[in-house]
Amino acid sequence: MTGEGYMEAGTLEFYEEEAEIYDKVRFTSPVGKLSTLTLQEIVLKLCCIDSIHFILDVGTGTGRFSIELAKKGAIVIGLDPSKSMIKLAKSKAVQAKVCENMNFVVADAHKLPFKNDSFNRSISINVLNHIQDYGKVIEEIARVLKQKGCFLANFPSIQSFYLPIALFVNFRKRALFQNVYSRWFTLGEISSSLSRVGLTVQNVRGFVVLASPPFWKLSFLIAHIMKKVNALFSSSLLKYFSGNIFIKSQKTVGGK
């Protein structure tokens with residue numbers, strides 16, 4: 001099964017072309033490194049890997065999160081529509097020596113190639129905002145989750161101090177600096193989409209996103225500020241006003 005239909009053709013082409021430089025451009029600066037470490041900590045904590053779990057990473061990209069989960073002993077399938085991204089993720093899995101715990105699939109998230117009730121966990125990080133029919137993807141994820149299985153996703157939040165940017169992105173239907181489909185959500189929109197397919201919200205956590213400046217000395221300063229700010233926004237009431245929100249939901253009895 002190919003990745004056609006997962007997202008707009010132009011968006012898929014963008015990620016195919018960006019695969020080789022994706023990590024280097026975004027995650028090598030002090031801000032980028034801190035963002036990655038913080039996001040990985042959030043994912044690992046909310047996934048609660050305390051025993052062997054079967055996890056589906058929808059939109060795995062270069063494997064930043066699936067590889068970390070595999071290191072903790074989870075059995076992980078990383079799924080992405082981009083063949084180039086999957087190729088790079090496989091290479092990183094070899095370097096991390098977690099191949100025995102991992103498998104990668106090029107597929108369309110609207111039609112997941114798995115049976116009902118297959119996974120204990122599913123994650124989708126920095127993905128839903130790039131899929132127009134994201135509700136269908138959430139429905140498919142709910143289908144392949146086992147009863148009481150959990151789904152963890154994040155999304156850029158309109159209800160934040162990034163409101164002007166969010167409105168501009170939603171008006172253009174394009175990311176701020178890349179010509180790829182993107183949109184920002186309210187917590188209510190995502191919660192309603194989850195509820196419709198039998199997923200009940202369990203936990204909400206905030207994450208403050210700050211851009212990496214071009215000068216490394218300034219980047220160290222921004223990283224320091226970012227660490228302090230995230231400590232405030234992660235779990236207090238301020239989380240509802242952070243630029244990026246993580247939401248953990250559980251498949252309830254009677255859900256699809």
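When ASP50 is tested against the conditions (1) at pLDDT below 80; (2) closer than 19 Å to VAL137 by Cβ, the lone failure is (2).
Annotation note: of GLY78, GLY61, the sole residue that is on the phi > 0 side of the Ramachandran plot, surrounded by 19 or more Cβ atoms within 10 Å (Cβ to Cβ) and in contact (Cβ under 8 Å) with a residue 12 or more places away in the chain is GLY61. Restricted to the range 3-116, the set of helices (runs of 4 or more DSSP H) holding at least 2 residues that are within 16 Å of VAL127 (Cα to Cα) comprises 9-27, 30-47, 83-96. Restricting to the range 88-147, and then to whatever is free of Cβ contacts under 8 Å to residues at least 40 places away in the same chain and among the acidic types (Asp, Glu), can you tell me which residue is least open to solvent (accessible area, probe 1.4 Å)? Ranking the qualifying residues of the range 88-147, first place goes to GLU140. A single entry from VAL180, VAL204 fulfils the requirement of being among the β-branched types (Val, Ile, Thr), in a loop (DSSP other than H, G, I, E, B), under 21 Å from the mean Cα position of the chain (by Cα) and modelled with pLDDT of 80 or more: VAL180.
Residues checked against (1) of a type outside the set (Gly, Ala, Ser); (2) more than 18 Å from GLU13 (Cα to Cα); (3) in contact with a strand residue (DSSP E or B) (Cβ under 8 Å, 6 or more places away or on another chain):
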{"residue": "LYS45", "(1), (2), (3)": "yes, yes, no"}
{"residue": "HIS53", "(1), (2), (3)": "yes, yes, yes"}
{"residue": "ILE67", "(1), (2), (3)": "yes, yes, yes"}
{"residue": "ILE86", "(1), (2), (3)": "yes, no, yes"}
{"residue": "SER91", "(1), (2), (3)": "no, yes, no"}
{"residue": "ASP108", "(1), (2), (3)": "yes, no, no"}
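The values are calculated or read from the model by the stated rules, or taken from the named source; none is laboratory data. All values derive from a computational prediction rather than experimental measurement. All Cβ positions, glycine included, derive from the backbone under ideal geometry; neighbour counts span all protein chains shown. Note: areas computed on protein heavy atoms with side chains; ligands, DNA, RNA excluded. Shrake-Rupley method; radii C 1.70, N 1.55, O 1.52, S 1.80 Å.
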